[in-house]
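I have placed the structure first, in the form of structure tokens, so that the comments after it can refer back to it.
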Amino acid sequence: QACRGLTRAHTQGIVHRDIKPDNIFLSSFDGELCVKVLDFGIAKADNPTFGLRATKTGVLLGTAYYMSPEQTMGAKNVDRRTDLWSLGVVTYYALTGVRPFASEAIGILVRDISTTPITPPSRFVPELGPSIDAWMAQALARDPAERFTSAKDMSVAFDAAVAEWRKNVIAEMQPTPPPLTVGTAAPSQWSATPPQSPSPAHDPLTRTPAKRWAPTIQGSPESIPMGTVYPVVAHAESMTQSKRSLLPYLVGIGIGIAAC
């Protein structure tokens with residue numbers, strides 16, 4: 001909405017030249033939040049009907065913290081792009097809580113605005129991410145030709161940067177799937193292959209797989225009575241072998257008893 005207000009002014013040939021938090025008001029319009037750009041006291045206009053005159057070269061006007069490099073040098077022909085720089089500084093301050101240039105000495109402040117590298121906003125608020133940093137780099141380009149061409153373009157680019165930031169945040173919130181081994185298929189919620197039955201148990205006496213039996217079930221699994229227990233029986237041959245292996249011991253016990 002702040003960009004929309006500047007667009008209305010710029011289309012009339014008016015350059016605000018003093019965009020700062022104090023001149024951006026939040027108001028209510030028919031019960032909805034509305035942003036208003038106020039205080040055109042030092043604005044200049046190309047249209048003489050507004051009664052606003054261009055500033056003479058060398059005159060420093062505006063709040064220094066939010067002034068563009070060309071405005072701090074007192075350039076006479078500053079245009080709408082100086083307002084876009086100032087709005088970029090306001091956005092920087094709103095997102096991070098600090099100004100990109102904060103020296104209290106006017107000489108050092110003017111030097112920093114013109115020459116000192118700008119710290120990306122993510123250095124103060126890491127979760128902002130690279131898309132916001134890229135938008136801010138263009139908004140605060142020292143060469144006016146490298147900035148956004150209009151307030152509308154600035155607004156559209158900011159919406160795109162926020163959308164990219166939101167997409168990255170959502171992606172980081174998604175759980176990371178486990179790594180796949182080379183040659184294996186990705187796990188699926190529904191598998192067409194039936195689960196493999198466990199390997200048969202081994203008979204501890206013969207060390208051979210024990211053969212199990214269960215009655216043949218007719219119909220669907222729902223027809224099986226709940227609580228049904230199916231016995232597990234060793235094969236008859238195993239039972240016969242175990243009986244034969246005990247016969248010598250029984251004969252020996254009988255001979256011992258007879259001897260006694």
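The values are calculated or read from the model by the stated rules, or taken from the named source; none is laboratory data. Just so it is clear, the model here is predicted, and its values are computed rather than measured. Glycine also receives a Cβ, built like all others from the backbone with ideal geometry; neighbour counts cover every protein chain displayed.
Points to keep in mind about this one:
- Test: Val90 is part of a helix (DSSP H, G or I), at negative phi and of a type in the set (A, V, I, L, M): yes
- Criterion applied to Ala141, Ala160, Ala145 was being modelled with pLDDT of 90 or more, within 17 Å of Tyr92 (Cβ to Cβ) and aliphatic (A, V, I, L, M), and the one residue passing it is Ala141.
- Residue within the stretch 96-103 that is in contact with a helix residue (DSSP H, G or I) (Cβ under 6 Å, 6 or more places away or on another chain) and aliphatic (A, V, I, L, M) present: no
- Within the stretch 87-100, considering residues that are closer than 15 Å to Ser155 by Cβ and among the small types (Gly, Ala, Ser), the one surrounded by the most Cβ atoms within 10 Å (Cβ to Cβ): Gly88
- Subset of the stretch 134-173 [surrounded by fewer than 13 Cβ atoms within 10 Å (Cβ to Cβ) and not in a helix (DSSP H, G or I)]: Asp143, Thr149
- Which listed residue is touching a Leu at 6+ places or on another chain (Cβ under 8 Å) and either in a loop (DSSP other than H, G, I, E, B) or modelled with pLDDT under 85 (or both), from Thr49, Thr55: Thr55
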